[in-house]
Ligand code: ATP
Ligand code: ZN
């Protein structure tokens, strides 16, 4: 399939999902409401993740889908992904500026001139609030830390591909500790992820991957990330067999976040980190693609895994 065909297939699947009422369009590409059926699948998959990972003793943290802007600035996200970031701005003008705003609005002109950055930035990945939070607690305990998060995430990547949303949910487990602890965690989840997703009876593949680092320097970062096998993805075809979609990601950040936030292990070393991320909407979309829009008609084995 060439690019044009892929785009057409993405648009077609989106239309099917909208016609079936599973996605509720808002007029903006990548921004959708979801039906009760869609949400039920997301909730059941979330519970499945807990069934596989819930016995490891993770500390549960739930953050709103926004970050302290200072944490965001310190995270260096703007170095790597300035094109994806979403900052929250609010009106900061006086009454005169307000009158101007209303006039511009009325005239259909740009009214955003007096919008100023707030202290809040949209969360780009569910794990971002965790590192500064753990850093504030001081050195890690000997066994390191395991955290469980779930959050809406924002990325400015409008697309007609229903699997590439601007606001989507990510469940994550995050391991922070010594290199051995962290590498072991990622190996464990690469195996588990395969098995867990295998139980949902969909074709899948695990492959090395890279993040979409910005610009020419970014291309070098992407290459080095691939060469060092720092990122793996579990891929399932959704809109194209040739270009399957990343539904789970397994990321090893080495000591990047440990350095950035000054996170130390019990023996004084710089902490390493890794995370496994589950793309909730993508998994739901994959299930609808492979088993149909009527969840009551899904294979009995899959229904049993999700609904018991
Ligand atoms: P991609 O390479 O497709 O852009 P990613 O590798 O950048 O995705 P991660 O940053 O690893 O994605 O995010 C973790 C998980 O979140 C992904 O495995 C995927 O399931 C999900 N995800 C990422 N971006 C989106 C998006 N735009 N819409 C829906 N889900 C997404
Ligand atoms: Zn993460």
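The values are calculated or read from the model by the stated rules, or taken from the named source; none is laboratory data. This one's a predicted model, so the numbers in the text were calculated from it and none came from an experiment. Reconstructed Cβ throughout: ideal geometry from the backbone, glycine too, with neighbour counts over all protein chains shown.
Observations, loosely collected:
- Flag if residue 107 is more than 34 Å from the chain's Cα centre (by Cα), away from ligand 2 (no atom under 16 Å from the Cβ) and outside the structural domain of residue 59 (by TED's automatic domain parsing): yes
- Checked against (1) within 16 Å of residue 254 (Cα to Cα); (2) away from ligand 2 (no atom under 16 Å from the Cβ), residue 159 meets all criteria but (1).
- So residue 212, is it more than 16 Å from ligand 2 (Cβ to nearest atom) and either closer than 25 Å to residue 5 by Cβ or assigned to a strand (DSSP E or B) (or both): no
- Note on the stretch 255-282: residues that are more than 16 Å from ligand 1 (Cβ to nearest atom) and touching a helix residue (DSSP H, G or I) at 6+ places or on another chain (Cβ under 9 Å) total 12.
- Whichever residue in the stretch 122-152 is more than 16 Å from ligand 1 (Cβ to nearest atom) and not in a loop (DSSP other than H, G, I, E, B) and, among such residues, is farthest from residue 251 (Cα to Cα): 136
- Counting the residues of the stretch 43-93 that are more than 25 Å from residue 260 (Cβ to Cβ) and modelled with pLDDT under 95 gives 2.
- When residue 39 is tested against (1) touching a residue at least 24 places away in the same chain (Cβ under 8 Å); (2) surrounded by fewer than 18 Cβ atoms within 10 Å (Cβ to Cβ), just one condition goes unmet, and that condition is (1).
- Within the option set 44, 69, being within 20 Å of the chain's Cα centre (by Cα), surrounded by 12 or more Cβ atoms within 10 Å (Cβ to Cβ), without any contact (Cβ under 8 Å) to a residue 60 or more places away in the chain and assigned by TED's automatic domain parsing to the domain that holds residue 130 holds for one residue only, 69.
- Hey, residue 232 surrounded by 13 or more Cβ atoms within 10 Å (Cβ to Cβ), farther than 26 Å from residue 188 by Cα and in contact with a helix residue (DSSP H, G or I) (Cβ under 7 Å, 6 or more places away or on another chain) or not: no
- Candidates 200, 221, 188, filtered to the one that is more than 21 Å from residue 52 (Cα to Cα) and outside the structural domain of residue 102 (by TED's automatic domain parsing): 221
- Residues in the stretch 179-203 that are within 17 Å of residue 243 (Cβ to Cβ) and free of Cβ contacts under 8 Å to residues at least 40 places away in the same chain: 0 in all.
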